[in-house]
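Remarks on the structure that follows.
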Amino acid sequence: MTSRKVEHLNERIRQKLSMILYREANDPRFLGVTITEVNLAKDLSFARVLYSTYGKDIDREELTDSLNRAAGFFSHILGRSLKTRVTPKLRFDYDLGFDHAERMDEVLDQLPTPEE
């Protein structure tokens, strides 16, 4: 599959997983989850799903474990809506990008500003 098709499929999976989390998941913790990126393997059998969530009081490790336990459910529903020959096995990981950006903002805010 060409890289353009894989990128398109990554985006379709990201959008569909977001809708599944919002509409069909019964765990209220999943409502605060945002799927930020999907990375499919070359053979399309595996997908690494990066997610983010708002709120500092959320146990990310526990949420990641819960998402991975429900991955089979998500994959099953995803397979029905994707209509592809292969439905990827999903693995959820927390996306640290937003945390790094927030930390950078905090560091930059602490720097002295030059006087004009």
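If I take every Cα pair under 8 Å that is 6 or more residues apart in the chain, average their sequence separation and divide by the length, what percent do I get for the relative contact order? Can you show the working numbers first?
Numbers: 124 pairs, mean separation 29.0, N = 116.
About 25 percent, as a whole number.
Mind running the shape call on region 12-102? Use the C-alpha gyration tensor, a ≥ b ≥ c as the square roots of the eigenvalues: rounded below 1.5 for a/c, prolate if a/b tops b/c, oblate otherwise.
Prolate, because a/c is 1.5 or more and a/b exceeds b/c.
At most 13 other Cβ atoms within 10 Å and a DSSP loop assignment: could you name the GluC sites (Glu not before Pro) in region 1-109 that fit? All intermediate terms of the calculation are to be shown ahead of the outcome.
On the way: sites: GLU7, GLU11, GLU24, GLU37, GLU61, GLU62, GLU102, GLU106; in loops: GLU24.
Passing both the DSSP loop test and the Cβ count: GLU24.
What stretch of the chain, leaving out the sites themselves, is the longest with no trypsin sites (Lys or Arg not before Pro) in a DSSP loop having at most 15 other Cβ atoms within 10 Å?
After excluding every exposed loop site, the longest remaining stretch is 1-41.
Residues with amide H under 5 Å of THR36's amide H, sequence separation 5 or more or different chain, H placed in the peptide plane at 1.01 Å from N; which?
So THR36 has HN proximity to LEU50, TYR51, SER52.
Rounded to the nearest 500 deg cm²/dmol, what is the calculated helix-only ellipticity per residue at 222 nm for the chain, with -39500 (n - 2.57) per DSSP H run of length n ≥ 4?
Rounded to the nearest 500, it is -16000 deg cm²/dmol.
If the only charges are +1 at each Lys and Arg Cβ and -1 at each Asp and Glu Cβ, what is the size of the charge dipole of the chain around the Cα centre, to the nearest 20 debye?
In debye, rounded to 20, the chain gives about 1420.
Provide the percentage of antiparallel DSSP beta bridges, counting only those with both residues in region 1-100; round to the nearest 5.
Working: 7 of 13 bridges.
For region 1-100, the DSSP antiparallel bridge percentage is about 55.
Values in this text are rule-based calculations from the coordinates and carry no lab data. In this text the structure is predicted, and so the values were computed from the model without any measurement. In this analysis, Cβ positions are derived from the backbone assuming ideal geometry, glycine residues included, and neighbour counts consider all displayed protein chains.
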